[in-house]
Amino acid sequence: MRLEGERDSSNVEDRRGGGGGLPIGVAGGGIGTVVLVVLALLMGVDPRALLDGGAPVAPPQGAPESRYAPAEGSSDEARRFVGRVLASTEDVWTAVFREQGRRYDPPRLVLFSGAVRSGCGVAGAAVGPFYCPADRQVYIDLAFFRDMERQLGASGDFAQAYVIAHEVGHHVQAELGIARRVGELRARAGQAEGNALSVRMELQADCFAGVWARRAHEARGILERGDIEEGLGAAAAVGDDRLQRRARGEVVPESFTHGSSAQRVRWFRAGLSAGDIRACDTFETGRS
């Protein structure tokens, strides 16, 4: 990606090593959330559903939590990368919303290590990056990017940018009122229907990530040769079918909450091709 000279977002909060981050296993007032996440991992249940925040992926079930331990000097580089990607999403979505006569209120992105206290409770690194609708913030432990490369084979700076853009996509859903309406439907739905709605939400966030990439490249020329392949590879790597097969040796489609590898690739590509959120109606009957 070409991000040299791009602006750095002021909406990044770095809690690594600070009071906002928590040691692994220390839950403060939210110990119930951590216990539930651990139990979910042990039982083979997707822990991301506990937060209801729309995390794009998680390390393979049963993978150990890890702390971010960068080489000297690399921490600032990683922080700048995240800040520049976030700034790019701010520019794109501000323009998209303006075209619709709306005002975009960007999310805050919180960097943490080990575990973090959010408006959705306390979450550990094993949950993966997530968006919390309660406080409208994105949370990322940068160790996830290392795990994504080593354990899932999804490498490259654009693969990381895709993750950030996906989580911001959930914030866009909140800004547009989509998250609230789907939340109301899920509250009345059974398990199978609720899972299906969750999949639709995740696929739309993938599509929104594609819209961002297309718009950002048209405006600033950020994409380099191989970047799109990295994004598509990351989308495929975090499909429910691939994660389930890796973790349990079998695939249970009715338990999907984020969509198959093919679906995630297809919707990311749809947003990338169109550059228009109207191409991202994953809830339309008959589309998958």
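Derivation of every value follows stated rules applied to the coordinates shown; laboratory data play no part. A quick note: this is a predicted structure, and the numbers were derived from the prediction, not measured. Backbone-built Cβ (ideal geometry, glycine too); neighbour counts: all protein chains shown.
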Subject >> For the range 194-204, Karplus couplings with θ = phi - 60° (6.51, -1.76, 1.60), whole Hz, Gly/Pro x >> reply: x, 4, 5, 5, 4, 4, 4, 4, 5, 5, 5
**OP:** Would you pull out the residues with amide H under 5 Å of LEU109's amide H, same chain only if 5 or more places away, H placed 1.01 Å from N?
**Re:** VAL12, GLU13, VAL138
Subject >> Ranked packing of 274-284, 180-190, most packed first, by mean Cβ within 10 Å >> reply: 274-284, 180-190
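Within the range 190-260, report the trypsin sites (Lys or Arg not before Pro) that DSSP leaves as loop and that have at most 12 other Cβ atoms within 10 Å.
In loop regions of the range 190-260 (DSSP not H, G, I, E or B), the sparsely surrounded trypsin sites (Lys or Arg not before Pro) are ARG225.
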Original post:
Once phi is turned into ³J(HN,Hα) by the Karplus curve 6.51 cos²θ - 1.76 cosθ + 1.60 with θ = phi - 60°, what whole-Hz value does each residue of the range 231-238 show in order, with x for glycine and proline?
Top reply: x, 5, x, 5, 4, 5, 5, 9
Original post:
Each residue of the range 102-113 in order: what ³J(HN,Hα) in whole Hz does its phi give by Karplus 6.51 cos²θ - 1.76 cosθ + 1.60, θ = phi - 60°, with x for Gly and Pro?
Top reply: 10, 10, 9, 9, x, x, 9, 10, 9, 8, 9, 9
